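Beneath this line is the structure, given in structure tokens, with notes to follow.
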Amino acid sequence: MIAYLRGKLIFKGQKSCLIATAGGVGYEVFLSGRGMQDLPESGQELEIYIYTVVREDTLDLYGFFTWEERETFSVLLGIPKLGPKLALAVLNCFTPTQLSQLVAREDEKALVAVPGIGIK
């Protein structure tokens with residue numbers, strides 16, 4: 001499992017970026033909107049924590065600038081019917097600290113603000 005990457009930012013897309021390691025291998029990494037905003041300029045070095053999702057037909061890498069964010073993503077994936085894209089949407093709306101406070105307060109209404117999460 002890939003858990004960490006250090007390399008040069010080659011390309012920024014709308015939902016992902018391309019990171020080339022010193023060995024010359026390029027990895028596409030999906031990030032939240034907030035994570036995309038935190039990317040350095042193309043050509044700059046960066047370090048990023050990775051959560052690897054392996055499925056029958058795909059291998060996707062999801063990137064986070066803090067370990068806490070990566071761990072929160074992992075916990076979100078444990079929720080039934082909540083996949084990686086929706087987990088990224090949650091992390092785009094809330095920091096891990098904000099999310100834990102919402103859960104502690106059982107504030108379901110705040111979670112409805114996340115695109116893709118309904119009242120159910």
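Check the range 106-118 and report whether any residue there is at pLDDT 90 or above, open to solvent by 70 Å² or more (accessible area, probe 1.4 Å) and part of a helix (DSSP H, G or I).
No: zero hits.
Let's see how each residue does on (1) over 16 Å from Phe73 (Cα atoms); (2) surrounded by 12 or more Cβ atoms within 10 Å (Cβ to Cβ); (3) under 16 Å from the mean Cα position of the chain (by Cα):
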position	(1), (2), (3)
Tyr4	no, no, yes
Phe11	yes, yes, no
Thr21	yes, yes, no
Gly26	yes, yes, no
Val29	no, yes, yes
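Across the range 53-76, which residue is least open to solvent (accessible area, probe 1.4 Å) among those that are touching a residue at least 24 places away in the same chain (Cβ under 8 Å), assigned to a helix (DSSP H, G or I) and farther than 13 Å from Gly35 by Cα?
Thr72
Residue-by-condition table, conditions (1) modelled with pLDDT of 95 or more; (2) assigned to a loop (DSSP other than H, G, I, E, B); (3) more than 24 Å from Phe94 (Cβ to Cβ); (4) not hydrophobic (A, V, I, L, M, F, W, C):
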residue	(1), (2), (3), (4)
Lys8	yes, no, yes, yes
Gln14	no, yes, no, yes
Cys17	yes, no, no, no
Gly23	no, yes, yes, yes
Glu28	yes, no, yes, yes
Leu46	yes, no, no, no
Tyr49	yes, no, no, yes
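The values are calculated or read from the model by the stated rules, or taken from the named source; none is laboratory data. The model shown is predicted, which means the values in this text are computed figures rather than measured ones. Here the Cβ is made from the backbone with ideal geometry for all residues, glycine too, and neighbour counts use every protein chain on show. Each accessible area value is taken on the protein alone, full model and side chains, heavy atoms only, with ligands, DNA and RNA left out. Shrake-Rupley method; radii C 1.70, N 1.55, O 1.52, S 1.80 Å.
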